[in-house]
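The values are calculated or read from the model by the stated rules, or taken from the named source; none is laboratory data. Note that the coordinates shown come from a computational prediction; the quantities given were computed from them, not determined experimentally. Reconstructed Cβ throughout: ideal geometry from the backbone, glycine too, with neighbour counts over all protein chains shown.
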């Protein structure tokens, strides 16, 4: 994949929000304003994306875990697909408070999911009545929805990739508290505080989000 200004422009990463929604920390990354809409300086975004990719490759190269987070309905499937393609955990449905800062409790829920799935697979749930089995299956479905994407986590991740840091503010706060480095695609309404590797660009378009995530997928590609 070519990480050039032209490629980013084609993907629509230059489109920000209105000036009235602009966060002060974003000002250095605004190239122009047309009819009240901010346009992002893609020369800077190219540099930021390349820096972020280098960082993520170094994390992967050290054998450490990268967590992908993006729960907005229009992009959650892309987040899931890219994370799975690089064997990374992900959160695409909702970020549950305490996922990072209270991981020991979250780990217990993950262990319960593993236990129920194992019992289902081995037929151990057959001893329960049909009604009880239905309730257990509902529990499995709920646990899988909330924790299935992070079921491989045994500890907090070494880095986090998030789409739209404003939308994922709870995750950002927990990462900051635990000093977990964050890579974030952040539009003009986002604060860059607490983001070690910001990628200032359009985070509200499926095309622009896909471009950034595909660049990460290519950088982190697993070879046989």
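List of remarks:
- Residue 156 being under 15 Å from the mean Cα position of the chain (by Cα), at pLDDT 95 or above, surrounded by fewer than 24 Cβ atoms within 10 Å (Cβ to Cβ) and under 17 Å from residue 56 (Cα atoms): yes
- Residue identified as modelled with pLDDT under 95, over 15 Å from the mean Cα position of the chain (by Cα), in the same structural domain as residue 210 (by TED's automatic domain parsing) and on the phi < 0 side of the Ramachandran plot among 33, 41, 50: 33
- Being closer than 28 Å to residue 203 by Cβ and either within 22 Å of the chain's Cα centre (by Cα) or part of a helix (DSSP H, G or I) (or both) holds for only one residue in 104, 73, and it is 73.
- Tallying residues that are out of contact with any strand residue (DSSP E or B) (no Cβ under 7 Å at 6 or more places or on another chain) and either assigned to a helix (DSSP H, G or I) or modelled with pLDDT under 95 (or both) within segment 169-189 yields 7.
- Residue 87, sole failed condition from (1) out of contact with any helix residue (DSSP H, G or I) (no Cβ under 9 Å at 6 or more places or on another chain); (2) touching a residue at least 12 places away in the same chain (Cβ under 8 Å); (3) under 20 Å from residue 160 (Cα atoms); (4) not in a loop (DSSP other than H, G, I, E, B): (4)
- Selection from segment 13-39 of residues that are in a helix (DSSP H, G or I), closer than 24 Å to residue 210 by Cβ and out of contact with any helix residue (DSSP H, G or I) (no Cβ under 8 Å at 6 or more places or on another chain): 21, 26
- Residues of segment 127-144 classified as over 22 Å from residue 106 (Cβ atoms) and out of contact with any helix residue (DSSP H, G or I) (no Cβ under 8 Å at 6 or more places or on another chain), total: 7
- Residues located in segment 194-210, provided they are crowded, with 22+ Cβ neighbours inside 10 Å, within 14 Å of the chain's Cα centre (by Cα) and in a helix (DSSP H, G or I): 209
- Pairs where the first residue, in segment 3-19, is without any contact (Cβ under 8 Å) to a residue 60 or more places away in the chain and the second is surrounded by fewer than 17 Cβ atoms within 10 Å (Cβ to Cβ), C-beta under 7 Å, 6+ apart: 5/43; 18/36; 18/37; 19/33; 19/36
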